[in-house]
Amino acid sequence: QAQMKDWGWRIPFLLALPMGLVALYLRLKLDETPNFVASKKAEPKAQKTAEEKASAVATAKAIALGIGRMMGWSAGGYTFLVVMPSYLQTSLHATFLQALVATVLANVGFALAILPSGWLSDKIGRKKVMMIAVFAVIVLSFPLLHLLQNPESSLMAKGIAVLIAGATIGMIAGPGPAMLAEMFPTRVRYTGLGLSYSLSNAVFSGCAGLIITGLIKETGNLDIPAYYVVATCVVSLFALMSLRKDDHLRDLDE
């Protein structure tokens, strides 16, 4: 533990450096989408028409809607995948090793669910997959948290609980980026997607630890993480209802 605090915490950052270089290489080698290329080559009149369609008000509304659709993913992801170790140690008195293993299992569940859910959303639509996933988070948050709180629960049962918790968030994360991209016309897609994603995470992920820790300290209620996740997912569920069933099939708007 002393070595971890002294120098071990730097290892993940060092490992991330070559992965970041690979990501940069891939991004530089990617082709732009045909719609974007056509938009850049369009005549001035066409450019003006596109700008009128992508009005500031319409874009702002779409960003706000995107944040609503994202907030359950942001809050749930950070709570289950990042805040959980601290919660397990400070509130449930788990050991450092138990908290670490639980976090690894949650992230494994998250990673395993992303690709299948993204593929499935290409087949049956973003709306169905994301609404099922958000509803699953709402239904399972309290039972899974209570299982972790129960001292009589086996370690295997607790491990399965955090694996499932991570997987439900992964089911949202799989279709999430494509869903956001499909919300915006070509000329503002990068801005709209980036702001929706970043603002949602800044507010509902960045503040999750502070909110959860503060409320548990004030109220003594160990169910606060579930309340936080469920509240944000309820908002996302209603925001996702406005998705069209065929969004994954139609051409992206110009």
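The values are calculated or read from the model by the stated rules, or taken from the named source; none is laboratory data. Quantities reported herein were computed from a predicted structural model and do not represent experimental measurements. So basically every Cβ, Gly included, is an ideal-geometry build from the backbone, and we count neighbours across all protein chains shown. Calculation scope for accessible area: heavy atoms of the full protein, side chains included, ligands and nucleic acids excluded. Shrake-Rupley method; radii C 1.70, N 1.55, O 1.52, S 1.80 Å.
Below is a table of values for the structure above.
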read-out	value
Rounded if a/c under 1.5, otherwise prolate or oblate - region 56-138, Cα gyration tensor axes	oblate
³J(HN,Hα) computed for each position of region 150-155 - Karplus, 6.51 cos²θ - 1.76 cosθ + 1.60, integer Hz, glycine/proline x	6, x, 8, 5, 6, 5
log10 of Debye I(q)/I(0), alpha-carbon scatterers only, for region 106-254 at 0.14, 0.16, 0.19 Å⁻¹	-0.75, -0.95, -1.23
Exceeding the 32 Å Cα-Cα cut-off - candidates Lys61/Lys123; Lys61/Lys245; Lys40/Lys128; Lys127/Lys217	Lys40/Lys128; Lys127/Lys217
Proximal lysines relative to Lys41, as straight alpha-carbon distance under 21 Å, when same-chain residues fewer than 8 apart are discounted	Lys29, Lys53
Three-way shape label, region 68-110, alpha-carbon gyration tensor, a/c 1.5	oblate
Calculated P(r) tail over 13 Å for region 148-207, as whole % of Cα pairs	71 percent
Distance histogram in 5 Å bins (all Cα pairs of region 185-254, percent per bin)	3, 13, 15, 19, 17, 12, 9, 6, 4, 2, 0
Per-residue HN-Hα couplings for region 123-136 [Karplus 6.51, -1.76, 1.60; θ = phi - 60°; Hz; x = Gly/Pro]	8, 10, x, 5, 4, 4, 5, 6, 5, 4, 5, 5, 5, 4
Protein-only accessible surface order, largest first, of Thr33, Thr90 at 1.4 Å	Thr90, Thr33
Charge dipole magnitude, Cβ of K and R +1, D and E -1 - the chain, Cα centre, debye nearest 20	380 debye
Distance histogram in 10 Å bins (all Cα pairs of the chain, percent per bin)	7, 26, 31, 22, 10, 3, 0
